[in-house]
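Asker: First, the structure itself, so that you have it in front of you.
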Amino acid sequence: MNGINMIVTIVVINVVYVSLFTIRLLFVMKGQNILASLVSIVEVYTYLMGLNIVLENIDEVQNLIAYCLGWGSGVYLGSKIEQWLALGYITVQIVIDKQEENIAIVLREKGFGVTSWLADGRDGNRIVMQVLAKRTNERKLLNIIEEMAPKAFVISYEPRYFRGGFWTKRLP
């Protein structure tokens, strides 16, 4: 294999390897153990192939640079794949002024599960809402909130476990 072909091969192998690593880690965190195991088979094979090429040609500095570039690019691509897959669910807590309470109705009409309650804030009454949504719908939810209550206080996090409630019957 000549110089440029080797460099491209090393970069591509590392991009694939690190992207698979990211996806496997995501599956493990989401409890998808069988998928994680299957991805890890391809991941470790790819890793060993790339490492073998680099170690056989360790005296060539451009191969080490290609390995590092591939690694960094793989981290970037893996994070983009994770965002695209958007596995799992999010819980969004929203704090709004009392006069904006119609947001809960709009969110429910758009299919979001909303639990709301009255709270006391520094400047008076507030409505606190807790919304469970698929991660694929996070941007849509945040856009609705931004449009209807641009000054809302919003916290988004991923629940590891939930059960009960009427909405969970609709979740896959």
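The values are calculated or read from the model by the stated rules, or taken from the named source; none is laboratory data. This is a predicted model, so every value here is computed, not measured. Virtual Cβ from ideal backbone geometry, glycine too; neighbours counted across all protein chains shown. Accessible surface areas use protein heavy atoms only, side chains included; no ligands, DNA or RNA. Shrake-Rupley method; radii C 1.70, N 1.55, O 1.52, S 1.80 Å.
Asker: Towards the positive end of the charge dipole of the chain, with charges on Cβ (+1 Lys, Arg; -1 Asp, Glu), say which of 53, 33, 67 has the farthest Cα.
Answerer: Checked the options; the winner is 33.
Asker: Related question: Past 22 Å, Cα to Cα: identify those pairs from 80/151; 30/134; 110/134; 30/110; 80/140, in the order given.
Answerer: Beyond 22 Å: 80/151; 30/110.
Asker: While we're looking at this one, here's another question. Rounded to the nearest 20 debye, what is the charge dipole size of the chain about its Cα centre when +1 sits on each Lys and Arg Cβ and -1 on each Asp and Glu Cβ?
Answerer: The calculated dipole for the chain is roughly 820 debye.
Asker: Output the Kirkwood hydrodynamic radius of segment 1-159, Cα pairs only, in Å rounded to one decimal.
Answerer: 18.7
Asker: Here's another thing I want to ask about it. Could you tell me how far the Cα centroid of segment 1-70 sits from the Cα centroid of segment 107-148, in Å?
Answerer: Segment 107-148 and segment 1-70 have Cα centres spaced 41 Å from each other.
Asker: Right, something else. As a test of reading the structure, rank 29, 6, 129 by solvent-accessible area (1.4 Å probe, protein chains only), most first.
Answerer: Greatest to least solvent exposure: 29, 6, 129.
Asker: What GluC sites (Glu not before Pro) does segment 33-83 have in DSSP loop regions with at most 15 other beta carbons within 10 Å?
Answerer: 60
Asker: Still on this structure, please answer the following. What list of whole percents do you get for P(r) of segment 59-147, with Cα-Cα distances grouped in 10 Å bins up to the one holding the largest distance?
Answerer: Percent of pairs per bin, in order: 15, 32, 19, 13, 11, 7, 2.
Asker: Tell me, what is the 1.4 Å probe accessible area of residue 135, in Å² to the nearest 10?
Answerer: Only protein atoms counted, so the area is about 30 Å².
Asker: Could you work out [θ]222 nm for the chain from helices alone, using -39500 (n - 2.57) per DSSP H run of at least four and dividing by all its residues? Round to the nearest 500 deg cm²/dmol.
Answerer: So the calculated ellipticity at 222 nm is -19000 deg cm²/dmol.
Asker: I've got another one for you. How much net charge surrounds residue 150 when only the other residues with a Cβ under 15 Å from the Cβ of residue 150 are counted, with Lys and Arg +1 and Asp and Glu -1?
Answerer: Net charge around residue 150: -3.
Asker: Shifting gears a bit: Using +1 at the Cβ of each Lys and Arg and -1 at the Cβ of each Asp and Glu in the chain, identify which of 105, 128, 95 lies farthest towards the dipole's positive end.
Answerer: Of the listed residues, the answer is 105.
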